[in-house]
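The values are calculated or read from the model by the stated rules, or taken from the named source; none is laboratory data. Small disclaimer: the values here were computed from a predicted structure and weren't measured. Glycine gets a Cβ as well: all are built from the backbone with ideal geometry, and neighbour counts include every protein chain shown. In case anyone asks, the SASA skips ligands and DNA or RNA and just uses the protein heavy atoms, side chains included. Shrake-Rupley method; radii C 1.70, N 1.55, O 1.52, S 1.80 Å.
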Amino acid sequence: MASTLSGPALQASRAALSAALADQPESTTTAEESLEPGEIQEVDMQAQADGIRTVFSDPTNFNVKHPLFSPWTLWFDSPATKGRNLPQTPVSAFPQTPVPHTPGVAAAQGWMEDIKRVISFDSVEEFWGLYNNIIPPSQLPQKANYYLFKEGIIPAWEDEANKNGGKWSIQLPRDKNRNNIDQMWLYTMLAAIGETFDPSPVQSDGTGTPVKSLITGVIVSTRPQFYRLSIWTRLAPSATDEDGIRKRIEGVGKHFKTSVLGFAEGQKLGGPLATEVEFLSHKDSEKKGKSAKKIVV
Ligand code: MGP
């Protein structure tokens, strides 16, 4: 199947696929173990291949999916979801599902009231199925948000996974970016599900324990005069940076600015209604910017 993706999207989609394939448990074949030294195992490759239909060989009847590193959940809010029990969702093909009980839900109850859970998915194929059925950000009403978060993490500062973290964000004037925002959001989602922002899960900490990715979720927000893209992280650098987390956080911001959004490193982006790519801890966001320490890449 020919790919219509280009540049970072193709790179991120491939990363999602190769990450998924690398994550497959190794075969525990016992036949091999029972072989005598020097004996060669005969494998019926044809019989094995006959049962496997991937999306590449059979786009409609495939029976093998490519799992992502983590399952993800899409959430949504807009003026139409506020104060309604049965809101209009942007995904008519997917029925509304209830919010699961996760740590932090109770504390964030007021904030989460209007944010509706749309669907969870855990494979590359399901991601594209969802993507092809949802309204793109450029067509959403003003004051709407898509939140794509790892399953089990709610899009709220109060969640255990977010409470010590922060966010990279960029604000882009609506008029100049109406034609770019859908692609920017797609590339941002692909980088998230492909784990290219912080490739720690594919590394280990030297003791064989996988390191948790810093990323908890990504958001696109539509506002009357601008769009905003945000990447939420589990941790934020402390003033003394004794744990060395600042470098990892900066790596996420640089990847977002250059590889995902396509800007040059060092390119100045700020201006009327536009910001640089900047990081703020959630604790500073809660203080509404008072004495906030922003990092800019
Ligand atoms: P926002 O939507 O992140 O900012 O937060 P924006 O887009 O500048 O503002 P908007 O009014 O145009 O939407 C707006 C406000 O929502 C914050 O000042 C908080 O009061 C509240 N809020 C935002 N977040 C992300 C949270 C959260 O995670 N938890 C809680 N309790 N409140 C939040």
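Quick look at the numbers
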| quantity | calculated |
| --- | --- |
| Mean separation of Cα contacts under 8 Å (6+ apart) over length of the stretch 106-231, as relative contact order % | 34 percent |
| Of all accessible heavy-atom area on the stretch 146-297, the percent that carbon and sulfur account for (1.4 Å) | 51 percent |
| Projected label distance in nm at ARG223 and GLU250, using a 7 Å step from Cα toward the beta-carbon | 2.7 nm |
| Projected label distance in nm at ALA292 and ALA107, using a 7 Å step from Cα toward the beta-carbon | 2.0 nm |
